[in-house]
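Here, each number is a calculation from the coordinates, and none is a lab measurement. This is a predicted model, so every value here is computed, not measured. Methodologically, a virtual Cβ is constructed for each residue, glycine included, from the backbone with ideal geometry; neighbour enumeration extends over all protein chains shown.
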Amino acid sequence: MTSLFKLLPSITRLKVEIYSITLDGHQWKEMIVNYLPQLKDFQFKIDLDLCRSIDDSTNEDKVDQYLSTYLTSFWIEHHQWFVRCHWSQWNEYLRISVYSLPYAFVYFPLFDNDHNYHTKSTCSSGIHHSYDSVRILGYEPWMFHDEALSHIQVINIEKLSLQLPIDQQFFSIIPKLENLLSLTVAIPTENHRLQLQALLDRAPRLFSL
């Protein structure tokens, strides 16, 4: 990336998604200061693995240490760039997803089947609970069990998959289906027809079911 950034010293906006490369806030700062001095709008998402410890508290300490690199004056005071971090244990690794706020990508930022995920943010205010960019969501109630994510709203969904019955939290998380184009729904029994009809009534643009 450094070679690419050297060619782009005048850019003011950068959006980047990275997999399996461990970059922390200090490393980002060094690249931005040295090669992207005009950068104003920075949107990113990184999925990475850290070696897991036997002790769960030590695992959390590792995540805190990583997240602390985004808590410097460069991030918080100078640019007011904030991030959120999700992590969970996977075999011998800590699976981590860290992204800028407001979130800027079309897929909701959780690993599949990470029922026991944890989350932290460098932003203490709810003003950055913005996931308006999300267009594709496989809804599972466990995704929003954490207090930090239980109050978000995802209002621009275009492709949605879920299983009936939906829980009470569903319509607070997804209050609008006006942009929904595709719906994949699993219906285990006929008892949930009313819920299905409620979904369809809220989705005037739906063309694929």
| request: Quick one: work out the % antiparallel among DSSP beta bridges in the range 8-123, nearest 5. | output: 75 percent
| note | GNM of the chain, Cα pairs under 10 angstrom: of THR122, THR189, THR69, the biggest fluctuation goes to THR189
| remark: The helix 25-35 Cα axis meets the longest alpha-carbon principal axis of the chain at an angle in degrees, between 0 and 90 and rounded to 10, of 60 degrees
| message | Quick check on the chain: helices-only [θ] at 222 nm, where DSSP H runs of length 4 and up contribute -39,500 (n - 2.57) each and the sum goes over total residues. Nearest 500, please. | response | -5500 deg cm²/dmol
| What is the antiparallel percent of DSSP beta bridges lying wholly in the chain, to the nearest 5? | 55 percent
| said: Quick check: convex hull over the Cα atoms of the range 135-209, volume per residue in Å³, rounded to an integer? | reply: 80 Å³
| said: Mean-square fluctuation check for the chain, GNM, Cα pairs under 10 Å: which of GLU147, GLU190, GLU17 is largest? | reply: GLU190
| query | Taking a temperature of 20 °C and a viscosity of 1.002 mPa s, what whole-number D in µm²/s does Stokes-Einstein yield for the range 8-123 with Rh from Kirkwood over alpha carbon pairs? | reply | 145 µm²/s
| Based on Cα positions only, what radius of gyration and what Dmax would you give for the chain, in angstroms? | 19.2, 61
| query | Cβ under 15 Å from LEU181's Cβ, LEU181 left aside: what net charge do those residues give with Lys, Arg +1 and Asp, Glu -1? | reply | +3
